[in-house]
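Heads up, the thing below is written out as structure tokens.
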Amino acid sequence: MPYRSLHGWVLAVAIVAAGVVLGAASPAAADRGDGSCLRPDETGDMRVDVQFAGTTYSVLVYVPEDMRRTRRVPLVLNLHGSQANGAIQMAVSGLRAVADDESFIVAAPSGAIPLPPPQQPADPNGHWAWNVPGVPTTAGQLPPPTARDDVRFLSRVIDVVSRELCTDTRRTYVTGHSGGGRMASALGCRIADRIAAIAPNAGLRAGRPDPDDVTVPEVEDCQPERPLPVLTFHGQQDVVNPYGGNGDLRWGYAVPLAVQTWARLNECRRGPQATTVSEHVTLLSYTRCRRGAEVEFYRVSDGGHTWPGSSGPPHGPGLVTQEIHASRLMWEFFEGFRLPRR
């Protein structure tokens, strides 16, 4: 069976606390032959099995209630930070509530590179890193050659979830926190033909740092097939992925340079235009971009390595600003974009 309801007392506790309702397992979606499909009637948290390179991975997926079962709906990939997992990222981001209000499906897969837990007791779902191409993990080492190819794996997740749960392949979006933001950025560089927009938090990159000069991105490492809309959030007090950059090949160049590079890739002709959002938040916008692929950056002057607006578990050092709600702002951004018809 391609997917199943979650089991186990640990996840059950989290689900009850979040007020999520699980249904019984259902058959896969049925193709109706007219471009639409019939989605199974199960809602809430479930697990979708994704087979990749000879291994089956269990991916956490959230399906809101009250969606029309015959309509293809958007998909948001929600990528966790290093030392976390998909279940933690769902709690951190609060995307279930936004999905309920706006009728989209959220998939929160987990990385496959094991890392030590940040604190005890360890999470039963594990602590993982993404294989961001060409850069070390937070453990300071490059992934081994045998590490899962996460660009290909996440592309496979899109295929399987779309097939099983009737998502619209023209409206697939990617977000992520920290290492998940770096992974989302890598997807933007490599499979822009599969995703309509990205919104990394505390992790935007525009290619890996140049190994010969980490203060600039390696141009050859980010050559998207089309202009890609980009939204990002970053705290100026982030000590994990510093706003001004560092000398680490994992992180490297400054956040404003990453934003400017995406604006250059999208051939934006205006910006940055600064708009004061609140006492500590400024929106920097690049507009008049090729094919409307705008670039927006919410800069949080007192923000730490955190998800703006989060009421979830601790997920990084520093202040969690409540002046903006990243998940709702990113959905407003995502709604304006879809892939062109082929």
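The values are calculated or read from the model by the stated rules, or taken from the named source; none is laboratory data. Here the structure is a predicted model, which is why all the values come from computation and not from measurement. Here the Cβ is made from the backbone with ideal geometry for all residues, glycine too, and neighbour counts use every protein chain on show. Quick note on the areas: whole protein, heavy atoms, side chains included, nothing else; ligands and nucleic acids left out. Shrake-Rupley method; radii C 1.70, N 1.55, O 1.52, S 1.80 Å.
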Open item on the list: If I model a spin label as a point 7 Å beyond the Cα along the Cα-Cβ vector, how far apart are those points for A30 and V216 in nm?
Closed with: 5.9 nm
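For the chain, what is the accessible area per residue in Å², given a 1.4 Å probe and the full set of protein chains?
On the way: 14400 Å² over 342 residues.
Spelled out: the 1.4 Å probe surface of the chain, per residue, equals 42 Å².
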Task: From phi via Karplus (6.51, -1.76, 1.60), per-residue ³J(HN,Hα) for the range 317-327 in Hz, x at Gly/Pro - done: x, x, 5, 9, 5, 10, 6, 9, 10, 4, 5
Task: Using θ = phi - 60° and Karplus 6.51 cos²θ - 1.76 cosθ + 1.60, couplings along the range 121-131 (whole Hz; Gly, Pro as x) - done: x, 5, 6, x, 7, x, 10, 9, 10, 8, 8
Task: FRET E, pair T70, E332, Förster distance 25 Å, beta-carbon r, rounded to 0.05 - done: 0.45
- [ ] Using a 1.4 angstrom probe on heavy atoms only, work out the carbon and sulfur share of the accessible area of the range 88-182 in %.
- [x] 51 percent
Open item on the list: Is there a quick way to get the dipole size of the chain? I mean about its Cα centre, with the Cβ of Lys and Arg at +1 and of Asp and Glu at -1; what is the value in debye to the nearest 20?
Closed with: 920 debye
- [ ] Name the shape class, rounded, prolate or oblate, that the alpha-carbon gyration tensor gives for the range 190-342, where a ≥ b ≥ c are the square roots of its eigenvalues, rounded holds for a/c under 1.5, and otherwise prolate holds if a/b is larger than b/c and oblate otherwise.
- [x] oblate
Task: the range 193-329, accessible surface, carbon-and-sulfur percent (1.4 angstrom probe) - done: 47 percent
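How fast does the chain diffuse by Stokes-Einstein, in µm²/s, taking the Kirkwood radius from C-alpha pairs at 37 °C and 0.692 mPa s? Before the final figure, lay out each step's value.
Details: Rh = 20.0 Å.
This corresponds to a translational diffusion coefficient of 164 µm²/s.
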Task: Gain in span if fully extended, T287 to D100, counting 0.36 nm per residue against the direct Cα distance - done: 64.3 nm
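Can you give me the convex hull volume of the Cα atoms of the range 159-249, divided per residue and expressed in Å³?
Numbers: hull volume 9.1 nm³, N = 91.
Dividing the Cα hull volume of the range 159-249 by its residues yields 100 Å³.
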TODO: For D238, list long-range residues whose amide hydrogen, built 1.01 Å from N in the peptide plane, is under 5 Å from its own amide hydrogen.
DONE: Y243
Task: Positive-end extreme of charge dipole, the chain - chosen from A30, S58, F153 (charges on Cβ) - done: A30
Open item on the list: Just to be sure I understand: with springs between alpha-carbon atoms less than 10 Å apart, which residue in P272, P74, P145 has the highest mean-square fluctuation in the Gaussian network model of the chain?
Closed with: P145
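Would you mind giving the three semi-axes, in whole Å and largest first, of the ellipsoid equivalent to the range 114-211 according to its Cα gyration tensor?
On the way: eigenvalues 113, 62, 34 Å².
Here the semi-axes work out to 24, 18, 13 Å.
Antiparallel versus total DSSP beta bridges in the range 178-332: what percent is that, nearest 5? Could you put the intermediate results ahead of the total?
Numbers: 13 of 21 bridges.
Once the DSSP bridges in the range 178-332 are tallied, antiparallel ones form about 60 percent.
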